[in-house]
Amino acid sequence: DFWYGFVFYIILLAILWFGYRAVGQKPQQPVSNKRYYTVNSAYLALMAVVIIFFVRGATFSASSYPINMNDAFLYTANPSHTSVILSNPFCIIRTMARTKDIPNLHYFDDKVAQNMAPTTHTSVDGNVYDIDQKTNVVVIILESFGKAHIKGLSDQFKPGQEANTPFIDSLMDHSYVFTNAFQNGRRSVDALPAIWASIPSFKNHFLSLPNAVATYHALPACMEEMGYSTAFFHGGVRETMGFVSFGKIAGIDDFYMREDYEAEMGTDDFDGKWGIWAHKFMPYLHKKLNTMSQQNKPFFATFFSLSSHHPYALPAGMENKFSEGTLPIHRSIKYSDYAVKEFFNSIKNEPWYNNTLFIITADHSSGADSKKFNKQPYEYSIPLMFFKPGGKFVGKDDHVMQHMDVM
């Protein structure tokens, strides 16, 4: 079917052969060993830097991961086109020793397992909570906001101990909160496949596997089928952890990243490490949600924060605004909680606010100052809460939940 490819290959070989004959091999003057090793060592060092630069996705940004096969989706949304973009040697290197069989473990009889954890779920009538297919949905994923840091969820805070998340704690009183929620991966790169597509990560990050180059019927695509516009917001660069490449195949229409922010707002708000400060990026999120609300259809938006990531820096002028906690991360969590509070204060008078369901969770936990949250399974526990302004969707649920259940 592709005979013309073979013909092109022959023509290319002929051009290379004639080109080599035309250029010829020029005799080289002998050089001393000292000069030889000096020049070639310089070439080696230069090529090492160049190779590392391109392997990391043509960037040295700390927020970028080495390129994977799914990064081909940065240039196409059609999985069948990725084979044109990807090279065979690259695919072999990225999949080497990663295509292991997963054992089919069977611990319980099917009837017993089904009774313990039913796979068929019956949804509750959304009208009870004033939620329907015209309700906007905003997913807020907070970097490193483990359950251990949240006073409203943790039973390990001492009497009178200061809360790290006073706003999130206050919002729980008006939300439906799952008190036993868990992450489905170990790092930030694992969160979106779990939340958007119900795909967990085990020993290897899902987006680093060859399986990531596939077609998904993920949550954003489902929302789009129901008439929603979809968008993803993150203050990092477009290559960050494969967020954009995975988002494109998951069904996200529009992406608003660091490049887009800086094109509109300038370059003064970069935190020097990961991306745009939370208290600067969230007003930008507010602005874009206003634009989405004017499209005469509901919207589904996901915001992934980054400011509570190591090295836990604070913006200039805010160093003394937040007190020290029992862990280095606590001040940056207090700052991120403050940014979320300012965001909600700014949007509460918007016409779309009361018709929006906010899903608030974390990408993963991040250590703890207590023995309980440093042991399994609690070391993987995170917040998961649904907030719908109006007060009907309120309560606490002790059932075990996870990122995969959001979809």
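Report the paramagnetic label zone for Glu224: residues of the stretch 248-269 whose backbone N is under 19 Å from a point 7 Å from Cα along the Cα-to-Cβ axis. Only 248-257 pass the distance filter. Residues in the stretch 373-382 carry Karplus couplings, in order, of 8, 10, 10, 5, x, 5, 5, 9, 7, 9 Hz; the curve used is 6.51 cos²θ - 1.76 cosθ + 1.60 with θ = phi - 60°, and Gly or Pro positions show x. Across the stretch 206-272, C-alpha contacts under 8 Å between residues 6 or more apart give a mean separation that, scaled by the residue count, equals a relative contact order of 34 percent.
May I ask you to order 261-269, 167-175 by the average number of other C-beta atoms within 10 Å around their residues, highest value first? If you can, show how the numbers build up before the last one.
Details: 261-269: 13.3, 167-175: 18.1.
Peptide ranking by packing, descending: 167-175, 261-269.
Panel order for Leu207, Leu13, by other beta carbons found within 10 Å of each beta carbon, from fewest to most: Leu13, Leu207. For Leu327 and Ile51, a Förster radius of 41 Å and the Cβ-Cβ distance give a FRET efficiency of 0.60, rounded to the nearest 0.05.
Shown is the FRET efficiency for Ile15 and Phe270, computed with R0 = 45 Å from the Cβ-Cβ distance and rounded to the nearest 0.05: 0.45. List the aspartates and glutamates whose alpha-carbon lies under 18 Å from that of Lys297, not counting same-chain residues fewer than 8 positions away? Partners found: Asp130, Asp132, Glu224, Glu225, Asp253, Asp254, Glu350. Highest mobility in the GNM of the chain, judged by mean-square fluctuation with C-alpha springs under 10 Å and restricted to Phe54, Phe178, Phe281, is found for Phe54. Amide H contacts of Asp130 (H built 1.01 Å from N, in plane; Pro and chain starts excluded): no residue 5 or more places away or on another chain comes under 5 Å.
Take every Cα pair under 8 Å in the stretch 238-328 that's 6+ residues apart, average their separations, divide by the length, and report that relative contact order as a whole percent. Write out the running numbers ahead of the final one.
Values: 33 pairs, mean separation 19.8, N = 91.
In percent, rounded to a whole number, it is 22.
Prolate is the label for the chain, because the ratio a/c of its alpha-carbon gyration tensor axes (a ≥ b ≥ c) is 1.5 or higher and a/b is greater than b/c. Helices in the chain, meaning DSSP H runs of at least 4 residues, each add -39500 (n - 2.57). Divided by all residues, the mean residue ellipticity at 222 nm is -10000 deg cm²/dmol. Would you mind checking the pairs Lys321/Lys341; Lys147/Lys321; Lys151/Lys396; Lys111/Lys203; Lys151/Lys341 and listing those with alpha carbons more than 19 angstrom apart? Violating the 19 Å Cα-Cα cut-off are Lys147/Lys321; Lys111/Lys203. Of all DSSP bridge pairs formed entirely within the stretch 135-405, close to 25 percent run antiparallel. For the stretch 394-400, backbone phi angles converted through the Karplus equation (6.51, -1.76, 1.60; θ = phi - 60°) give residue-by-residue couplings of 9, x, 10, 10, 8, 4, 6 Hz, Gly and Pro being listed as x.
How much length, in nm to one decimal, is gained on full extension between Asp173 and Asn115, taken as 0.36 nm per residue of separation minus their Cα-Cα distance?
17.7 nm
Of the residues Trp352, Trp274, Trp3, Trp196, the one with the fewest other Cβ atoms within 10 Å heads the list, and the complete ranking is Trp3, Trp352, Trp274, Trp196. Amide H contacts under 5 Å for His364: Ser144, Phe145, restricted to partners 5 or more places along the chain or on a different chain, H placed in the peptide plane at 1.01 Å from N.
Over the stretch 135-405, Cα pairs under 8 Å with separation of 6+ residues give a relative contact order of 39 percent. Remark on Phe255: its backbone amide H falls under 5 Å from those of Phe232, a criterion applied only to residues 5 or more positions apart or on other chains, H modelled at 1.01 Å from N. Counting other Cβ atoms within 10 Å as a rough exposure proxy, the listed residues His121, His279 run His121, His279 from fewest neighbours to most.
Counted residue by residue at 0.36 nm each, then reduced by the alpha carbon distance between them, the extension gain from Phe108 to His310 reaches 68.6 nm.
Just check the stretch 265-407 against the gyration tensor rule for me: Cα atoms, a ≥ b ≥ c as the square roots of the eigenvalues, rounded for a/c under 1.5, and otherwise prolate or oblate depending on whether a/b exceeds b/c. Oblate.
For the pair Glu350 and Ala263, what calculated FRET efficiency results from E = 1/(1 + (r/R0)^6), where r is the Cβ-Cβ distance and R0 = 25 Å, to the nearest 0.05?
Details: r = 24 Å, r/R0 = 0.96.
Approximately 0.55, to the nearest 0.05.
Read-outs throughout are calculated quantities, based only on the coordinates presented, and are distinct from any laboratory measurement. These numbers were taken from a predicted model, which means no experiment stands behind them. Positions of Cβ are backbone-derived with ideal geometry, glycine not excepted, and every protein chain shown enters the neighbour counts.
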